[in-house]
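The values are calculated or read from the model by the stated rules, or taken from the named source; none is laboratory data. The structure presented is a predicted model; accordingly, all values stated were derived computationally and were not measured. Here the Cβ positions follow ideal geometry from the backbone for every residue, glycine too, while neighbour counts run over all protein chains shown.
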Amino acid sequence: MIETTEQDGIAVLQLDHGPVNALDLELLSALPLALASVAEASAVVLTGAGRCFSAGVDLKRIVDGGAAYVAEFLPALTVAASALFGHPKPVVAAVNGHALAGGCVLAVACDVRLMSAGTIGLTELAVGVPFPTVPMEIMRHGVGPVTSRLVLTADRLDPATAQSMGVIDEVVAPADLLPTALARAGRLAAVPAEVYALSKRQLQRPALDRIAAVQPVDDPVVLAQWSSPATHDLLLTFMENLSRR
């Protein structure tokens, strides 16, 4: 589900899970393990196989698995996003295609975001589900006030618009995406590792403090809403509408 390679001491993690790299329990469980396995690498590049970086949550698995699956899935999403956000080494997202919903969160959890194709955005409210605390705070940390627009409008941004709004850092031609990401990761890795890790923690501290304060209050509500029959019906309707397009 995650192919790991190495180039000049930089780990390249490629999401390779079905046609759109949809986020399910298995992929989310694999991501922290993959990050731990490359702990000695000087930096990490995260990208996707095929035409998508990640199109977000596998909604069919949510509907088919019901409340029992959701009770496992949401904690796995939190752990995976936290592991990526908190990885002490430089992490560069090479967004090769659509990065939607949870896929957008994973991209924004990286320190630098390059994009070559597709759209990026938060589509959760269009689907009818709320945000767990960690993804929300990762977005707030990564893109600041733009988070409100992304969350409330569920806009899907093309690369140029995303760059103009600060959601991504640079638009790169598809053929140049991975080489550029490796070069950016290498420049960041030139900083002493302990200095980079401390600086990263300092920058993230307000987000981590908000997570600690809010997560015990909000996440049980999020779990209840994701698990409700009403949400199940909304997801079914959303998927039916997608199939007609």
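Quick rundown of the values:
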quantity: Boolean, Ala71 is closer than 29 Å to Asp233 by Cβ, modelled with pLDDT of 95 or more and assigned to a helix (DSSP H, G or I); calculated: yes
quantity: For Arg244: the one exception among (1) within 24 Å of Asp58 (Cβ to Cβ); (2) basic (Lys, Arg); (3) touching a Lys or Arg at 6+ places or on another chain (Cβ under 8 Å); calculated: (3)
quantity: Residues of region 223-234 classified as in a helix (DSSP H, G or I) and within 20 Å of Ala76 (Cα to Cα), total; calculated: 7
quantity: One residue from Ala101, Ala94 being closer than 23 Å to Ser164 by Cα, crowded, with 21+ Cβ neighbours inside 10 Å, touching a Phe, Trp or Tyr at 6+ places or on another chain (Cβ under 9 Å) and not charged (D, E, K, R); calculated: Ala94
quantity: Top-ranked residue of region 184-234 - restricted to ones that are closer than 23 Å to Gly66 by Cα, of a type in the set (A, V, I, L, M) and at pLDDT 95 or above, ranked as surrounded by the most Cβ atoms within 10 Å (Cβ to Cβ); calculated: Val222
quantity: Selection within region 1-21 - of a type in the set (Gly, Ala, Ser) and buried (at least 22 other Cβ atoms within 10 Å of the Cβ); calculated: Ala11
quantity: In region 5-26, the residues that are in contact (Cβ under 8 Å) with a residue 40 or more places away in the chain, acidic (Asp, Glu) and farther than 19 Å from Lys60 by Cβ; calculated: Asp8
quantity: Criterion (out of contact with any helix residue (DSSP H, G or I) (no Cβ under 7 Å at 6 or more places or on another chain) and closer than 25 Å to Pro206 by Cα) met by exactly one of Pro159, Pro145, Pro174, Pro132; calculated: Pro145
quantity: Residue identified as more than 22 Å from Val222 (Cα to Cα) and not polar (S, T, N, Q) among Gly102, Gly118, Gly66; calculated: Gly118
quantity: In region 95-119, residue farthest from Val146 (Cα to Cα) [restricted to those that are hydrophobic (A, V, I, L, M, F, W, C) and in contact with a Gly (Cβ under 8 Å, 6 or more places away or on another chain)]; calculated: Ala117
quantity: Considering residues of region 36-68 that are under 14 Å from the mean Cα position of the chain (by Cα) and not in a loop (DSSP other than H, G, I, E, B) only, the residue surrounded by the most Cβ atoms within 10 Å (Cβ to Cβ); calculated: Phe53
quantity: Of the criteria (1) surrounded by fewer than 19 Cβ atoms within 10 Å (Cβ to Cβ); (2) at positive phi; (3) in a loop (DSSP other than H, G, I, E, B), which one Ala117 fails; calculated: (2)
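The rows are residues; the columns are (1) within 21 Å of Leu59 (Cβ to Cβ); (2) of a type in the set (D, E, K, R); (3) at pLDDT 95 or above; (4) buried (at least 23 other Cβ atoms within 10 Å of the Cβ).
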site: Leu125; (1), (2), (3), (4): yes, no, no, no
site: Gly128; (1), (2), (3), (4): yes, no, no, no
site: Pro135; (1), (2), (3), (4): yes, no, yes, yes
site: His141; (1), (2), (3), (4): no, no, yes, no
site: Ala154; (1), (2), (3), (4): yes, no, no, no
site: Ala160; (1), (2), (3), (4): no, no, yes, no
